[in-house]
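Visitor: One structure coming up, written as structure tokens, with questions to follow.
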Amino acid sequence: MKLQKPKGTQDILPIEAAKWQYVENLARETFKKYNYGEIRTPMFEHYEVISRSVGDTTDIVTKEMYDFYDKGERHITLRPEGTAPVVRSFVENKLFAPEVQKPVKMYYIGSMFRYERPQAGRLREFHQIGVEAFGSKNPATDVETIAMAYQLFNELGIKNVTLHLNSLGNPESRAAYRQALIDYLTPMKESLSKDSQRRLEENPLRVLDSKEKEDKLAVENAPSILDYLDEASQAHFDQVRQMLEALQIPYIINTNMVRGLDYYNHTIFEFITKVDRSELTICAGGRYDGLVEYFGGPETPGFGFGLGLERLLLILEKQGIQLPIEIEMDVYIAVLGDATNLKALELVQALRSQGFTAERDYLGRKIKAQFKSADNFKATAVITLGESEVEAGQITIKNNTTRQEVVAKFETIQTDFKSILEQLN
Ligand code: ATP
Ligand code: MG
């Protein structure tokens, strides 16, 4: 019997979850400044939504999909990434209609599933924050979207992330390059990894993406895709570069970066950082001008990225970045004696409904232990409720830092605790 979590998954417990919430909230605030709205799509999709759009020969589709047949014999897969589902939804909900303001900008935050070999920053259920912008061919959209991720890293205080930039051009320049790459790689086919020998047949650009040592060596002097861009693709790429420079966003050109998904064209990018001397991509994306049409919508350009939350948090930890997460509580009620239970319940509930954060003792512990809890929770005020207070109908409220005290009637606590707190500060 297996009563542990499945391999490659994680339980995110409250202290850790507070960090997740901080990062997610910051992302939401940042994206809002760029006029993005949230989209939530299903956690699973028809297999076909992912397979051909991401690419039948990609690692994601051939090796990493969590797919199955449901009880209605439908071929289903847990989503391995966010872009294909969002494009599917964009088309299905006719967001291409003229009355919908363009560009349509949407972000998502959620779980993705890939059957991978788990290791640091690589899980089977992981979380992505992703964004997609539909309807703008303008290279300013490429740059703005990259700048948005960059702003997020800066606001988090992350250092040493390098922006890697490349262009895949349009389908024609990509086809020309594909042939050049086949010509280059074929004579050294025997020295490639088994996977890459297959890739060379099916999808030669994938060889550039391989993480195997022998493949990395083989592609070191491969022809550059940038030499195969046609004029329009070149112009687009030049503008992206100029605009990045205008915004003072540093980047390096990496012509061997092709991304692990087939739907990209023109600009592609990754934000890469070093963790324990190995390189880790935190955020990756690019332009996908053909994807909306593929899903049956009208020709609509698209640009987006996906950012791995686990990797982002790993980097925050490795770089020793403390997130400003406050633990705070307004009131702790220490409870003494059996006859006080109901009053404690009434008080703590009244405080919460007035909007205060409040906790009490439930376990009849010794008073010392209860005060210790108040300290641990960083409670601003402490109330000690005993049977004599219940009889008297009033109680002392103490500032847990200054030790200053106020005596108040239960009724005041239950209706206007704010005035009491003001007296204490
Ligand atoms: P890699 O080359 O590291 O396998 P990828 O090209 O498969 O990455 P994308 O599909 O571009 O990754 O996903 C975007 C981001 O999502 C990655 O840059 C990474 O931060 C994160 N990511 C991808 N796969 C995983 C995973 N298995 N576990 C955790 N994070 C992941
Ligand atoms: Mg991968």
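The values are calculated or read from the model by the stated rules, or taken from the named source; none is laboratory data. If you're wondering where the values come from, they're calculated on a predicted model, not measured in any experiment. Here the Cβ is made from the backbone with ideal geometry for all residues, glycine too, and neighbour counts use every protein chain on show.
Visitor: Out of 326, 293, 299, 317, I need the residue that is away from ligand 2 (no atom under 16 Å from the Cβ) and under 30 Å from residue 385 (Cα atoms). Which one? Break it down stepwise before answering.
Guide: Working: 293 fails: under 30 Å from residue 385 (Cα atoms); 299 fails: under 30 Å from residue 385 (Cα atoms); 317 fails: under 30 Å from residue 385 (Cα atoms).
Sole residue among the options that is away from ligand 2 (no atom under 16 Å from the Cβ) and under 30 Å from residue 385 (Cα atoms): 326.
Visitor: Could you say which residue among 175, 218, 133, 140 is surrounded by fewer than 21 Cβ atoms within 10 Å (Cβ to Cβ), in contact (Cβ under 8 Å) with a residue 24 or more places away in the chain and not charged (D, E, K, R)? Give the steps one after another, and end with the answer.
Guide: Working: 175 fails: in contact (Cβ under 8 Å) with a residue 24 or more places away in the chain; 218 fails: surrounded by fewer than 21 Cβ atoms within 10 Å (Cβ to Cβ); 133 fails: surrounded by fewer than 21 Cβ atoms within 10 Å (Cβ to Cβ).
Residue meeting the stated conditions: 140.
Visitor: Please work out if residue 33 is of a type outside the set (Asp, Glu), within 20 Å of residue 286 (Cβ to Cβ), in the same structural domain as residue 131 (by TED's automatic domain parsing) and at pLDDT 95 or above.
Guide: Numbers: of a type outside the set (Asp, Glu): yes; within 20 Å of residue 286 (Cβ to Cβ): no; in the same structural domain as residue 131 (by TED's automatic domain parsing): yes; at pLDDT 95 or above: yes.
Judged against the criteria, residue 33 is not a match.
Visitor: Follow-up question, since we're still on this one. Which residues, taken from the range 370-420, are in contact (Cβ under 8 Å) with a residue 60 or more places away in the chain and touching a Ser or Thr at 6+ places or on another chain (Cβ under 7 Å)?
Guide: Hit for the range 370-420 is 400, nothing else.
Visitor: Sticking with this structure for a sec: Could you look through the range 276-288, keep only residues that are away from ligand 2 (no atom under 16 Å from the Cβ) and at pLDDT below 95, and pick out the one that is surrounded by the fewest Cβ atoms within 10 Å (Cβ to Cβ)?
Guide: The initial filter retains those residues of the range 276-288 that are away from ligand 2 (no atom under 16 Å from the Cβ), namely 276-277, 287-288.
Then drop every residue that is not at pLDDT below 95, which leaves 276-277.
Working: 276: 8, 277: 5.
Checked the range 276-288; the qualifying residue surrounded by the fewest Cβ atoms within 10 Å (Cβ to Cβ) is 277.
Visitor: State the number of residues belonging to the range 57-81 that are more than 20 Å from residue 110 (Cα to Cα) and either in contact with a strand residue (DSSP E or B) (Cβ under 9 Å, 6 or more places away or on another chain) or away from ligand 2 (no atom under 16 Å from the Cβ) (or both).
Guide: We begin by selecting, within the range 57-81, every residue more than 20 Å from residue 110 (Cα to Cα); these are 57-59, 62-63, 68-75.
Narrowing further to those that are either in contact with a strand residue (DSSP E or B) (Cβ under 9 Å, 6 or more places away or on another chain) or away from ligand 2 (no atom under 16 Å from the Cβ) (or both): 68-75.
Going through the range 57-81 one residue at a time, the tally reaches 8.
Visitor: Under the condition of being under 30 Å from residue 196 (Cα atoms) and over 21 Å from the mean Cα position of the chain (by Cα), which residue from the range 70-99 is nearest to ligand 1 (Cβ to nearest atom)?
Guide: So, considering only residues that are under 30 Å from residue 196 (Cα atoms) and over 21 Å from the mean Cα position of the chain (by Cα), the one nearest to ligand 1 (Cβ to nearest atom) is 76.
Visitor: Still on this structure, please answer the following. Does the range 103-125 include one or more residues that are at pLDDT below 95 and crowded, with 18+ Cβ neighbours inside 10 Å?
Guide: Yes, there is a match, as at least one residue in the range 103-125 is at pLDDT below 95 and crowded, with 18+ Cβ neighbours inside 10 Å.
Visitor: Here's something else I'd like to know. Out of the range 309-354, which residues are of a type in the set (D, E, K, R) and out of contact with any His (no Cβ under 7 Å at 6 or more places or on another chain)?
Guide: Initial filter on the range 309-354 (of a type in the set (D, E, K, R)): 310-311, 317-318, 326, 328, 330, 338, 343, 346, 352.
Within the range 309-354, 311, 317, 318, 326, 328, 330, 338, 343, 346, 352 meet the criteria.
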